[in-house]
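One structure is given below, encoded as structure tokens.
The values are calculated or read from the model by the stated rules, or taken from the named source; none is laboratory data. It should be emphasised that the depicted structure is a prediction, and the values quoted were computed from it without experimental measurement. Positions of Cβ are backbone-derived with ideal geometry, glycine not excepted, and every protein chain shown enters the neighbour counts. For accessibility, only protein heavy atoms count, side chains too; no ligands or nucleic acids. Shrake-Rupley method; radii C 1.70, N 1.55, O 1.52, S 1.80 Å.
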Amino acid sequence: MKKKLRIVAASFTIVGVILGLSACNSARQMYTSGIKKFGNGEYDLAIKDLSKALEANYEAGSANFYIAESYRLSNRFKEALPYWKKVLENDPDNADARFQYAYTLKTIGDYSEALEQFRQVAVAAKSADVLKERASREVEILKIMDRVAIQKVAYEIVNVPLNTDAAEFAPAVLNQELVVSMSRKEAVYKSNGQPMLGIYKVKIADDPAETTGNPALFSSTIFDANANEGSPAFTPDGKTVVFARGNTGKKRGNADVKLYMSRLVNDQWSEPRYLPVNDSLSWDGSPAFSRDGKTLYFASNRPGGVGGIDIYRTNMDASGRFSKPVNMGGDINTAGDEMFPYVGPDNRLYFASDGHPGLGKLDLFVATRSQGVIAVENMGVPFNSPQDDFGLVFYEEESGFFSSNRDGGKGDDDIYYFYMPEAEEADEPKPEPEDPRYVNGELKVIRYFLAGDVLTGLPESTPLDSAFVRIMPDTADVALERMPTDEQGKFGKYRLEEGKSYVLLAERKGYISKRMPFTMAGKSIPLIFLNKAETDTTYQVTIRLDKMELNRTFALDNIYYDLDKYAIRADAAPELDKLVQLLKDNPTMQIELSSHTDARASDAYNMTLSQRRAESVVNYLSEKGIEPERMEAKGYGERNLLIRNAKTEEEHQRNRRTEFTILSY
């Protein structure tokens with residue numbers, strides 16, 4: 001009998017183990033599937049799979065992080081909050097997670113706690129310099145939130161009855177109709193789980209605040225069932241529309257969001273055509289026309305901007321041809337995102353930004369040019385909230401529409417109507433706040449300077465005197481200034497121009513000359529921060545020079561190859577271009593370029609592969625103008641492993657490296 005009981009007990013144990021393994025495998029599959037969907041930008045699907053893995057407590061730390069990121073990247077910040085908290089409970093030193101947690105707190109209006117979290121990021125030793133700078137800026141914004149959040153004008157706003165629990169945003173006005181981007185298509189957008197966006201129209205009511213009804217499709221010609229379409233902009237005559245279309249799944253991420261144009265011919269909108277102002281590898285959207293219809297403004301995250309998404313302008317001639325797009329510059333654009341431009345009846349530029357001092361995510365701003373100086377002002381309450389506020393258009397002189405996903409709406413993005421109440425209905429008038437360009441009646445002036453140190457490389461890190469630092473524009477090797485270092489290795493000051501980018505070239509006998517980029521893009525201090533008429537601020541930089549020593553070896557970062565291949569990949573080119581510049585700045589230096597493999601193939605195979613890889617680097621540098629006699633290619637195969645008995649892919653990658661060694665100088 002006891003033997004039977006032991007057999008039964010053992011059977012239950014085996015069944016339990018099998019069920020446990022099955023549950024573990026299922027959780028692993030959900031986690032793997034979620035990570036893959038996250039990588040594909042399918043954030044809503046990623047959240048569902050990762051949540052199932054989290055229920056089984058499988059890779060909880062990582063799952064919490066990717067769920068939080070999925071909510072953030074699909075613009076659902078509030079839902080991300082508890083997951084950021086769990087990430088920080090598990091990893092309190094994660095500066096990136098703490099920054100996102102702080103930013104999320106700001107978006108729900110918890111400014112005091114957001115301030116404390118940003119302060120922690122700004123002083124944390126493990127925070128990257130860029131993150132510290134962003135956190136410090138947020139600290140300064142939150143400290144003056146009472147000035148940012150002031151109600152500047154006595155406008156009233158109304159959530160129009162047109163709205164639903166889905167998305168309605170980016171309104172435009174055409175012939176007494178409101179043309180709106182709406183989430184109403186049958187296809188579902190995998191990023192946020194909502195129906196895809198289309199362009200619809202509805203008649204504006206006699207009282208615009210009461211606009212409702214069943215919106216009709218704007219045009220069957222401008223309709224792609226499997227793409228998002230929205231943000232229409234019309235020329236003043238109403239016969240040309242430019243809109244954004246994308247997220248078709250043909251490209252990963254948002255790179256396929258592009259601008260299209262259609263013309264009204266015989267009361268029918270023509271087949272949309274792709275605009276030549278688009279950048280094939282970037283996001284392009286948020287179009288708007290000037291009041292005369294000759295200039296098209298739009299937003300793009302193309303390379304070469306100030307940062308994030310920037311606003312650009314291009315001129316359009318009578319034939320519909322466009323000039324080369326021009327960035328609107330550092331007065332308008334910041335290191336954050338600037339979107340949804342609109343030229344108002346007063347010819348001022350209205351736009352949305354999360355880079356200028358604001359209440360939360362996107363805020364509405366207005367830019368005014370006076371005597372060649374551009375001043376950007378937050379539109380304040382009631383236009384702005386801790387959430388996204390964007391897409392403003394005027395309907396009449398003192399009224400119009402804008403979009404917001406603020407609390408109290410019907411769900412997601414809603415359309416709001418703003419108007420100036422009649423004098424007898426208005427509250428007691430509020431005093432006009434002081435213009436942020438002035439203090440005590442004086443125009444604010446701010447001057448920017450650059451100074452710094454030249455030190456030896458780590459770990460010595462000692463000051464270098466008698467070095468010279470050339471400051472050049474980033475477009476040409478022309479010295480604007482050549483400054484020596486003193487006994488403490490210090491140089492400066494040099495007067496900087498707002499929005500300009502520079503290159504610093506440090507040189508000293510016996511050391512390898514080195515370049516460092518420096519840009520004023522995104523570094524201008526908003527005038528609202530300044531409390532006095534004149535302000536000087538100096539940016540500090542540190543340049544480290546390595547000794548020019550025979551047989552000294554340096555690793556080249558991010559020089560990767562496809563498995564069993566030796567061709568130079570596109571992602572390796574920027575790093576090799578840095579080496580090209582270094583060799584040009586040190587024209588007497590001759591080097592050996594060495595390539596190393598991991599140990600996962602035969603020694604003979606790895607020797608041949610590494611030699612070919614080294615030769616491919618030499619050939620690349622030669623094509624860029626470096627004399628072949630200054631370089632020697634050498635493949636070492638697996639003979640100089642950094643990590644013997646490597647097990648992880650990361651360890652194998654460290655062994656697969658490219659280096660250069662100084663042979664003579």
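Think of the chain as having a plus end and a minus end, set by charges on the Cβ of Lys, Arg, Asp and Glu; of 269, 502, 124, 124 sits farthest toward the positive end of this dipole.
When only the Cβ of Lys, Arg, Asp and Glu is charged (+1, +1, -1, -1), the dipole of region 267-341 relative to its Cα centre reaches about 220 debye.
Were the residues from residue 128 through residue 186 laid out at 0.36 nm apart, the gain over their Cα-Cα distance would be 16.5 nm. Among the listed pairs 584/634; 86/143; 36/565; 106/258; 78/361, those with a Cα-Cα distance over 19 Å are 584/634; 86/143; 36/565; 106/258. Rounded to the nearest 20 debye, the dipole size of the chain about its Cα centre is 3080 debye, using +1 on the Cβ of Lys and Arg and -1 on the Cβ of Asp and Glu. Have a look at 596, 607, 641 and report the one farthest towards the positive end of the charge dipole of region 503-648, computed about the Cα centre with Cβ charges (Lys/Arg +1, Asp/Glu -1). Highest projection toward the positive end goes to 641. A simple spin-label model places the labels of residue 565 and residue 479 4.3 nm from each other, with each point 7 Å out along Cα-to-Cβ. Taking the average, over residues, of other Cβ atoms within 10 Å as the packing measure, peptides 50-59, 193-202, 314-323 rank 193-202, 50-59, 314-323 from highest down. Each other residue within a Cβ distance under 14 Å of residue 34 adds +1 if Lys or Arg and -1 if Asp or Glu, for a net charge of 0. Inter-label distance, residue 486 to residue 370: 4.1 nm, where each label sits 7 Å from its Cα along the C-beta direction. Per-residue extension of 0.36 nm, minus the Cα-Cα distance of residue 515 and residue 60, leaves a gain of 159.5 nm for this segment. Label separation (residue 216 vs residue 174): 1.3 nm, computed from points 7 Å beyond Cα along the C-beta direction. Rolling a 1.4 Å probe across the protein heavy atoms gives the chain an accessible surface of 50 Å² per residue.
Which distance in Å, rounded to a whole number, links the C-alpha centroids of region 471-516 and region 150-211? The distance from the Cα centre of region 471-516 to that of region 150-211 comes to 52 Å.
Along the axis of the charge dipole computed for the chain (Cβ charges of +1 for Lys and Arg, -1 for Asp and Glu, origin at the Cα centre), the listed residues 167, 371, 530 are led at the positive end by 167.
Summing Cβ point charges (Lys, Arg +1; Asp, Glu -1) relative to the Cα centre of region 222-355 gives a dipole of roughly 360 debye. Looking at the chain, the DSSP beta bridges with both ends there are about 85 percent antiparallel.
Just the protein heavy atoms count here, and of the accessible area of the chain at 1.4 Å, carbon and sulfur take up 49 percent.
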